[in-house]
1. Mind listing whichever residues of the stretch 130-155 are open to solvent by 80 Å² or more (accessible area, probe 1.4 Å), assigned to a loop (DSSP other than H, G, I, E, B) and either more than 17 Å from GLY71 (Cα to Cα) or touching a Leu at 6+ places or on another chain (Cβ under 8 Å) (or both)?
2. Can you name every residue in the stretch 42-70 that is open to solvent by 50 Å² or more (accessible area, probe 1.4 Å), closer than 24 Å to ASP123 by Cβ and hydrophobic (A, V, I, L, M, F, W, C)?
3. When GLY82 is evaluated against the numbered criteria (1) without any contact (Cβ under 8 Å) to a residue 12 or more places away in the chain; (2) on the phi > 0 side of the Ramachandran plot, which criterion, by number, is the only one it fails?
4. Restricting the search to the stretch 156-192, which residues are in a loop (DSSP other than H, G, I, E, B) and at negative phi?
5. Within the stretch 71-85, how many residues are open to solvent by less than 40 Å² (accessible area, probe 1.4 Å), at pLDDT below 95 and not small (Gly, Ala, Ser)?
6. Looking at the stretch 134-152 only, could you name the residues that are over 22 Å from LEU60 (Cβ atoms) and out of contact with any helix residue (DSSP H, G or I) (no Cβ under 8 Å at 6 or more places or on another chain)?
Amino acid sequence: MSLIALAYTASETMKNNLTETENLKIENDSFKYTVTQNKAKMTKNRLLRMDNVGIVVESLDNAIAFFTEIGLRLEGRSTIEGEWAGRVTGLGTQSVEIAMMVTPDGYSRLELSRFITPATRSDHRSAPVNSLGYLRVMFAVDNIDELVSRLIKQGAELVGEVVNYKNIYRLCYIRGTEGILIGLAEEQSLNY
């Protein structure tokens, strides 16, 4: 769970105790989050955005290097621990080191997590693409051949092949560090 998501969950729990003019601020080195309680303007919740996708890894450093090579940038790194975090995830007392990676446009994020405690319970990394549950994240790129070549030199594996889909996209799947499955898509209209 992201720092922002954890802050949001904590703030939702606490904001009912705020007066109409009070603010709740949650801050650390990586983010700032403020909730203002305005009881006169409470409305039905609406979806604002998808904040991030989480991936659990064994080596945070290797995962950061892999996603940096793709073009994401490290936005922040922190350790989240304690009983409060476990109440959010349902894992009890936990300690997890996280790194938030952000896309160049600043809108999409990957939260990379390395659980210190409790230990990870299952491993889906070698599951085929038709398995149930989360499997991959797709990235739009501007030169799929160049990126695939770079990733393979760093130990990634092309799952199948780079395929042209109706002259609209060139697509492929890559297994990167720790077998993490990602998709790459190059829009053909971008290449003249």
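The values are calculated or read from the model by the stated rules, or taken from the named source; none is laboratory data. None of the values given here were measured: they were computed from a predicted structure. Glycine gets a Cβ as well: all are built from the backbone with ideal geometry, and neighbour counts include every protein chain shown. SASA here: full protein model, heavy atoms, side chains in, ligands and nucleic acids out. Shrake-Rupley method; radii C 1.70, N 1.55, O 1.52, S 1.80 Å.
1. Scanning the stretch 130-155 gives ASN130, LEU132, TYR134, ASP142.
2. Correct list: VAL56, ALA65.
3. Unmet for GLY82, out of (1) without any contact (Cβ under 8 Å) to a residue 12 or more places away in the chain; (2) on the phi > 0 side of the Ramachandran plot: (1).
4. ALA156, VAL159, GLY160, GLU161, VAL162, ILE168, GLY176, ILE180, ASN191, TYR192 - these are the residues of the stretch 156-192 that are in a loop (DSSP other than H, G, I, E, B) and at negative phi.
5. 1
6. MET138, ALA140, ASN143, ILE144, ASP145, GLU146, VAL148, SER149, ILE152
Residue by residue, here is whether (1) modelled with pLDDT under 90; (2) under 24 Å from VAL137 (Cβ atoms); (3) surrounded by fewer than 17 Cβ atoms within 10 Å (Cβ to Cβ) holds:
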{"site": "ASN16", "(1), (2), (3)": "yes, no, yes"}
{"site": "GLU20", "(1), (2), (3)": "yes, no, yes"}
{"site": "SER30", "(1), (2), (3)": "yes, yes, yes"}
{"site": "THR89", "(1), (2), (3)": "yes, yes, yes"}
{"site": "THR93", "(1), (2), (3)": "yes, no, yes"}
{"site": "ILE98", "(1), (2), (3)": "no, yes, no"}
{"site": "SER108", "(1), (2), (3)": "no, yes, no"}
